[in-house]
Each structure stands twice: as structure tokens, then as C-alpha cells.
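For reference, the structure discussed in these notes is given below.
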Amino acid sequence: MKIYFLIVGCLCILYYLILALYSRRLRSTFAVFWLINGGVHLALGCAPLPVYMYTIAGWFCLACWCVFLLVEYKIIRAMGGRCEEELDWIIVLGAQVRGRYITNSLRQRLDTALAYAERFPGCSVIVSGGQGPGEEISEAEAMARYLSENGIPESRIFREGRSTSTRENFRFSRKYADAEHDKVGIVTNDFHIYRSSLIARQEGYEKIHLLPADSNPVFQLNYLVREFFGVIQVVLFHKSK
């Protein structure tokens, strides 16, 4: 087990360094997890613990890996979902806007929505996202402008500009979509699509379809591990209102 802890610790810290160098930020999204996790593993690998403690730690790690791999299997399987039929609505989930600038993750979502909307002109688009710190306009407004500038008529775009979370994206979008009867597509980055579908069902959407957008390959592992904790939170701690 000491070797396991040392190897995992080194790999985690190496991945943190890759993320920091790539993003040029020491505290990019969730990246500090890898630094802390690596430090804990290295400490356990170097600590003079008795054999029985490493045995207990080994079984604990095995249980954690089993749960992790089960959840990741569901996340990765959902990432391959593709909708090939015309829907009543698609909901584009918001992501960070820097001032008025659309970030790469949000652009990938919008390009996926744009391709689908061009293919199925009878489908309406809900752009969902409020205005947060550092944003001069709401995410919904930024998304609507992007779609409009790229040829989607304003009459097909519906702005939901109050939400501050994925759950609120779906909750407030019910102002436009009939969650029980309409066929609704979810547009978000691939790593986020499974958790979004869970939340949509919890919010009463019964006919959902998945439209996953691409994501940054360097950050993909980082996002997938973060989503593991997000899925656990959604499954275990959701309370209906």
C-alpha cells in the first residue's frame, strides 16, 4: 500500500502542475483538489504506520474505487448520448461570462445548440443563466446574442435570466417549457450532462434528451472527478421543494 500511495500522490501532483501550467492559474476550477489529494497520499506513503493500518486503508481505498468507477461509468455513458429527433425545446445551460465575453465552455454549448437549431427549425431555444460576479450582462443575454448573431431568429430564443445554479436553470425554465409533456433537450458540456439529467428529472422533466457539447481535453479528468462529487450530492442530498 505504501507504493500505491506514493504513486497516486505523485500522479495527482503532476496533474495539478499540468493544469496550473496550462491555465496559468494556481487555483483553476477544482485543480487544488489534485494538490491536496496528492499531498495526503504522499504523507500516507511516507508515514511509519503499522501494517494493520495499511490493510484497513487498502480496503477503504478499494471501496472508494468501486463507488467512483460505478458513478463514472454512468457519467461517461451519458456523454455519448445524441438526440436525432426534433424536440419542442432545447435548454442551453449557462456558464461563466467574463464581462460580455463568452468563455470557451459556454461557446461549445452554444455551438452544439446552434447546430441542432439549424437542423430542426421547429425547435425553440431556452437560454438559461443569470448574472454573476464579473459579468456585465446575464449569461442568458450573452447566449441569446451569440445565437442571434449566428442566424437563429429572435422569435425562437427565450431568455431565462434569473438562475444561479443548474437546478434553477430547470426550475425557472418551466416558465416556457411544459416539463411533463414537452420533449426537452439538455445542452451542456459532456462531463456535466449526466448530473444535469438527474436534476432535470428531479425538477419534473419527463421527456428529456441529451445534447452533450465538447469540453477541454486537458481538463477532462479534472471535470469528471468533480462531477463524481456533484452526482453524489444530487443523489444523496436533494430535497424537493
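The values are calculated or read from the model by the stated rules, or taken from the named source; none is laboratory data. Everything numeric in this text was worked out from a predicted model, so none of it was measured. When we count neighbours, we look across all protein chains shown, and the Cβ atoms used for this are built from the backbone with ideal geometry, even at glycine. Remember, those area values only see protein heavy atoms, side chains included, never the ligands or the DNA or RNA. Shrake-Rupley method; radii C 1.70, N 1.55, O 1.52, S 1.80 Å.
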Checklist entry - Looking at this structure, is Ala31 open to solvent by 30 Å² or more (accessible area, probe 1.4 Å) and small (Gly, Ala, Ser)? => result no
- Do we find a residue being of a type outside the set (Gly, Ala, Ser), surrounded by 15 or more Cβ atoms within 10 Å (Cβ to Cβ), in a strand (DSSP E or B) and touching a residue at least 12 places away in the same chain (Cβ under 8 Å) anywhere in the stretch 165-184? yes
Of the residues in the stretch 138-157, those that are open to solvent by 60 Å² or more (accessible area, probe 1.4 Å) and in a helix (DSSP H, G or I) come to Arg145, Glu149, Glu154, Ser155
Of all helices (runs of 4 or more DSSP H) fully inside the stretch 1-118, the set with 1 or more residues that are polar (S, T, N, Q) and under 17 Å from Leu221 (Cα atoms) is 2-23, 32-46
Selection from the stretch 1-42 of residues of a type in the set (A, V, I, L, M, F, W, C) and over 31 Å from the mean Cα position of the chain (by Cα) yields Met1, Ile3
Across (1) within 30 Å of Pro121 (Cβ to Cβ); (2) modelled with pLDDT under 95; (3) surrounded by 16 or more Cβ atoms within 10 Å (Cβ to Cβ), Leu93 clears everything bar (2)
Checked Glu160, Glu118, Glu135 against criteria (in contact with a Gly (Cβ under 9 Å, 6 or more places away or on another chain) and open to solvent by 30 Å² or more (accessible area, probe 1.4 Å)); the one match is Glu118
Inside the stretch 211-230, the number of residues satisfying the requirement of being open to solvent by 20 Å² or more (accessible area, probe 1.4 Å) and outside any loop (DSSP other than H, G, I, E, B) is 7
*Quick one: would you say Leu87 is in contact with a strand residue (DSSP E or B) (Cβ under 8 Å, 6 or more places away or on another chain) and either at pLDDT 95 or above or among the acidic types (Asp, Glu) (or both)?*
yes
- Item | Flag if Ser197 is touching a residue at least 60 places away in the same chain (Cβ under 8 Å), open to solvent by less than 30 Å² (accessible area, probe 1.4 Å) and not in a helix (DSSP H, G or I) | no
